[in-house]
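Structure first, then comments.
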Amino acid sequence: MTHETLIADGPKDDSFAAAVLDGLSRPEKTLPCRFIYDRAGSELFERITALPEYYPTRTEIGILESCAAEIVARTPAGTVLIEFGSGSSRKTEILLRALDRLAAYVPLDVSAAALEDASRRLHRRFPGLRVIPLVGDFRTPPRLPDDLADRPRLGFFPGSTIGNFAPDEAVLLLRSMAEALGRDGRLVIGVDLLKGAEVLIPAYDDAAGVTAAFNLNLLARANRDLGADFDLAAFRHEARFNEERGRIEMHLVSVREQVVRVLGQSFSFAAGESIHTESSHKYTSEGFRTLAARAGWTARRMWSDAAGLFSVHELSAGSVPRSSAVTSPPRLITS
Ligand SMILES: C[S@@+](CC[C@H](N)C(=O)[O-])C[C@H]1O[C@@H](n2cnc3c(N)ncnc32)[C@H](O)[C@@H]1O
């Protein structure tokens, strides 16, 4: 069998409860954006990628399509392609068409639902490809099946998901990926470029309200999974450009004074008080190269679109040893 099938829509995540209780107890309330991505959140993200205001997906796809052969050049036969935060794996198909004789494709995501849908589709489109979907947190290096342990590894991290991490956290994440990809590892990573608020704000606050629904899904998920009593109509989505930090922030702003109950605890909101739910840091190409270097990567090549909206970088690892002792790595769910 060349394909392992996910069996469930993901287990309930205890860490979601802990993150909600912790994040709402802080003086400046916050919730980690990775919890937006349950089945509903992953589906909403797919709708965002097709919005006219949301330039990153179509721009990155354009770059990957025109440069795929160059991007994957010098990838030896028998390589394992590991994708971090793979979501729908739609961009991956562009690389898969250009790649020859992969040992396996390993999509890794917190959303079991997204992995399940993507794996089924890839099985149909690439019947000879061994797909090993892993559900878990990409901040911990994944453990691969023993027969793949010594294969060369190519990492893929599109979508500018790196931007969801503050620079110091991004360095730690890139170091952990270097560890996962090993001594000769390479990483192809999509990075959104810094630009003006007139382009950025609509991209994160579209006219049709899909991004608002995506953001509010955090509260809807807390109601579904934790029995919380958030009134979704009492919070509104807001995208803010934090120029000093070079990032877009998504917030959920309480439209009135209110008290919300979650798992037996009460949380008070003043009118206008916000929950900071996501940051999306933007980089210049030089700024990103410096960040990657802090994590021990060497920037080899960079591709961009004609308008300079988005970039794709190829990084190569130095001498970071492959992980041997791994604590709670992402797990494989197979039937
Ligand atoms: C911005 S979307 C990008 C999806 C896809 N890679 C693309 O380029 O269209 C971020 C993806 O990363 C996943 N994700 C976010 N945080 C994660 C984490 N800590 N560990 C694993 N997956 C994560 C989400 O579920 C989602 O599928």
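Couple of notes before you dig in:
- Any hit, the range 149-169, residues being among the acidic types (Asp, Glu), surrounded by 18 or more Cβ atoms within 10 Å (Cβ to Cβ) and within 12 Å of the ligand (Cβ to nearest atom): no
- Where strands (runs of 3 or more DSSP E) fall wholly inside the range 257-308, the ranges with 3 or more residues that are within 21 Å of the chain's Cα centre (by Cα) and at pLDDT 95 or above are 274-281, 297-304.
- Long-range neighbours under 6 Å by Cβ, at least six apart or interchain, first residue within 11 Å of residue 210 (Cβ to Cβ) within the range 39-52, second of a type in the set (D, E, K, R): 51/206
- Search result, residues across the range 36-57 that are of a type in the set (Phe, Trp, Tyr) and within 9 Å of the ligand (Cβ to nearest atom): 37, 45
- All conditions in (1) of a type in the set (Ser, Thr, Tyr); (2) part of a helix (DSSP H, G or I); (3) modelled with pLDDT of 95 or more hold for residue 15, with the sole exception of (3).
- Residues that are in contact with a helix residue (DSSP H, G or I) (Cβ under 7 Å, 6 or more places away or on another chain) and either polar (S, T, N, Q) or crowded, with 18+ Cβ neighbours inside 10 Å (or both) within the range 114-139 comprise 114, 126, 131, 133, 135, listed in sequence order.
- Taken over the range 58-81, residues that are within 12 Å of the ligand (Cβ to nearest atom) and not in a helix (DSSP H, G or I) amount to 0.
- In this structure, residue 87 does satisfy being within 12 Å of the ligand (Cβ to nearest atom), touching a residue at least 40 places away in the same chain (Cβ under 8 Å) and not polar (S, T, N, Q).
- Output for the range 225-244, where each listed residue is touching a residue at least 40 places away in the same chain (Cβ under 8 Å) and not in a strand (DSSP E or B): 225, 226, 228, 243
- Qualifying residue in the range 133-146 (condition: more than 9 Å from the ligand (Cβ to nearest atom), outside any loop (DSSP other than H, G, I, E, B), over 22 Å from residue 192 (Cβ atoms) and over 22 Å from the mean Cα position of the chain (by Cα)): yes
Yes/no matrix, rows are residues, columns are (1) farther than 30 Å from residue 30 by Cα; (2) in contact with a Cys (Cβ under 6 Å, 6 or more places away or on another chain); (3) among the β-branched types (Val, Ile, Thr):
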{"position": "98", "(1), (2), (3)": "yes, no, no"}
{"position": "124", "(1), (2), (3)": "yes, no, no"}
{"position": "159", "(1), (2), (3)": "no, no, no"}
{"position": "162", "(1), (2), (3)": "no, no, yes"}
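- For the range 174-199, a residue qualifies if it is within 21 Å of residue 133 (Cβ to Cβ) and free of Cβ contacts under 8 Å to residues at least 40 places away in the same chain, and exactly one does: 176.
- Some residue of the range 93-111 being free of Cβ contacts under 8 Å to residues at least 12 places away in the same chain, of a type in the set (Lys, Arg) and either in a helix (DSSP H, G or I) or away from the ligand (no atom under 15 Å from the Cβ) (or both): no
- When 163, 159 are screened for being closer than 23 Å to residue 47 by Cα, modelled with pLDDT of 95 or more and part of a helix (DSSP H, G or I), only 163 passes.
- Residue selected from the range 100-113 under the condition more than 15 Å from the chain's Cα centre (by Cα) and at pLDDT 95 or above, by the criterion surrounded by the most Cβ atoms within 10 Å (Cβ to Cβ): 105
- Flag for residue 23 being touching a residue at least 12 places away in the same chain (Cβ under 8 Å), more than 13 Å from the ligand (Cβ to nearest atom), assigned to a helix (DSSP H, G or I) and within 30 Å of residue 270 (Cβ to Cβ): yes
The values are calculated or read from the model by the stated rules, or taken from the named source; none is laboratory data. In this text the structure is predicted, and so the values were computed from the model without any measurement. Quick reminder, even Gly has a Cβ in these numbers, built from the backbone with ideal geometry, and neighbours come from all protein chains shown.
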